[in-house]
1. Can you tell me the FRET efficiency between D150 and K19 if r is taken as the Cβ-Cβ distance and R0 is 35 Å, rounded to the nearest 0.05?
2. Stretch E69-L392 to full length: gain in nm at 0.36 nm per residue minus the Cα-Cα span?
3. Counting only protein heavy atoms and a 1.4 Å probe, tell me what percentage of segment 429-525's accessible area is made up of carbon and sulfur.
4. About the Cα centre of segment 330-529, what is the dipole size in debye to 20, counting +1 per Lys and Arg Cβ and -1 per Asp and Glu Cβ, all else neutral?
5. Could you list the trypsin sites (Lys or Arg not before Pro) in segment 382-422 that lie in coil according to DSSP, counting only those with at most 15 other Cβ atoms within 10 Å of their Cβ?
6. With a Förster radius of 22 Å, plug the Cβ-Cβ distance of L274 and F165 into 1/(1 + (r/R0)^6) and report the FRET value to the nearest 0.05.
7. Report the label-to-label distance for A57 and K9 in nanometres (one decimal), using points 7 Å from each Cα along the Cα→Cβ vector.
8. Over segment 149-234, average the accessible area per residue using a 1.4 Å probe and give it in Å², no decimals.
Amino acid sequence: MPSFDEVLKEAGEFGRFQKRVFFLLCQTGITFSFLFASVVFLGPAPDNYWCRIPGAAELSERCGWTLEEEQNFTVLPLRLENGSSSGKCERLDIVWDTSVSCTSPLARYRNRSVGNLPLAACHNNWVYKQPHSSIVSEYNLVCGNAWMLDLSQAILSLGFLAGSFTLGYAADRYGRILIYLLSCLGVGICGIIVAFAPNFTVFLIFRFLQGVFGKGTWMTCYVIVTEIVGSDQRIVGIVIQIFFTLGIMILPGIAYLVPTWQGIQLVISLPNFLFLLYYWVVPESPRWLLTRKKGEKALKIMHNIAKHNGKYLSPHYSEITISNEEVSNPSFLDLVRTPRMRRNTLIFMYAWFTSALIYQGLVMRLGIVGGNLYLDFFISGAVELPAALLILLTIDRIGRRLPFGISNIVAGIACLITAFLPEDMPWIKTTVATLGRLSITMAFEIVYLVNSELYPTTLRNFGVSLCSSLCDLGGIIAPFLLFRLAAIWLELPLIIFSILAVVCGLLVLLLPETKGISLPETVEDVEQISSHFGKCGKKRKHRDTNSYI
């Protein structure tokens, strides 16, 4: 009775069928990157806005003022007389009436300078030159409400976190492709509701749900891809990261062409409905079917794969070896019950947290290098492409563990050097900081691959989702850690980043090498993988097996 990997090798480990499925699922990386980074273009701060004085709207209508004239008559004098006031977060504490002159509305206060007139804080009376250009102007997220824009991104990250737990568990229990399709439907529906949210509360609720479903699409498509290819082809998981980067590079083009935030939101959300067509072309993971005692369905899919790949399965492939082990309700205890599973889980949780924290911290530190947001954002995405290329060039030659550890250590050293470089060497500081970003990007992309390779099929989706949830926690903490510590000393965050990265680099060296090994199907397989030798497939003859016809 052949094992699944033997059948997969006979059917084709990366033939025409897998390449088609791989290309289709890679598109999920583009749409997920849209969701991940969309706040940059959904919520840019408006350039020109001011606080309207009560009665100014009626006066403006009576006098026939344009918005520029209203601003000049009611806000400009305040700016000229009171240099500390911009007229954006406070207004003159007066009320216009019908007796005010259209040509000199402040004439009645000629005995008092404008600078001596009382001021009042602005509350929901803002006027925007472009009122629907961003969620900031749509929901008045300015002045004292500016923190709500950060809240919207934190809510999205919380959605990612919730999606990691709930949909990761659901995919291991109910199937990869079912949860993937439901998640795509959820992202699309929630995205439309977000675009037409009547108030900020509704916006936040469905932004959270979009994060939940978005994480479901991303994690599930990644697991499907890694489970239908052979052990020598699992670097396709790295290529998915390239599509994420392509999405980062495409997003500013969409934002440049679409003038309103609602339009941008719709453009980045609607493509998720197209993924529902995958129901007819992307099969359920045969590995998952075997773990659920559905050998007949798995074998049927394998015959279909072989047919599309121009292969033919031998007659004795009417049975496939599957494991007795079944985890119907995976939990965190399943990930830490045995020694090596426990070690792997704790290291991966720390690696995910560190990668996200440092990556986002370095991105925020570098900031915008020029005056063109669209071009700068495109370049920031292009910087990440060499990281994926370096991984593709090294990961199958020297393995996973060494590049994983070295990239973290180099990132830590780069952060440390950047912290102590003098300020009069800006180009060198930027270059070294960019090296740190490239290195942590490599680490970020490798952790996806290695994490999926060191969990058994019965726990893979749940395990990867749970560990990657620490990534979302790191994303929530990153801005607070960066700005709080920078207030004490500008370079202090880099010192913290360097310590975290170097420790992570040393810890991942304790993980076993996964280059060329078969994906483990049970916890026993994981325990048998050593740091120095062996394919877990060689050990499988020692455990009990069943077969399904």
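The values are calculated or read from the model by the stated rules, or taken from the named source; none is laboratory data. None of the values given here were measured: they were computed from a predicted structure. Positions of Cβ are backbone-derived with ideal geometry, glycine not excepted, and every protein chain shown enters the neighbour counts. What goes into the accessible areas is simple: the full protein's heavy atoms, side chains included, and nothing from ligands, DNA or RNA. Shrake-Rupley method; radii C 1.70, N 1.55, O 1.52, S 1.80 Å.
1. So the FRET efficiency works out to roughly 0.25.
2. 110.4 nm
3. Answer for segment 429-525: carbon and sulfur cover 80 percent of the accessible area.
4. Details: 13 positive and 15 negative charges, 50 e Å.
So the magnitude is around 240 debye.
5. R397
6. For L274 and F165, the calculated efficiency is 0.20.
7. Calculated label separation equals 7.4 nm.
8. 29
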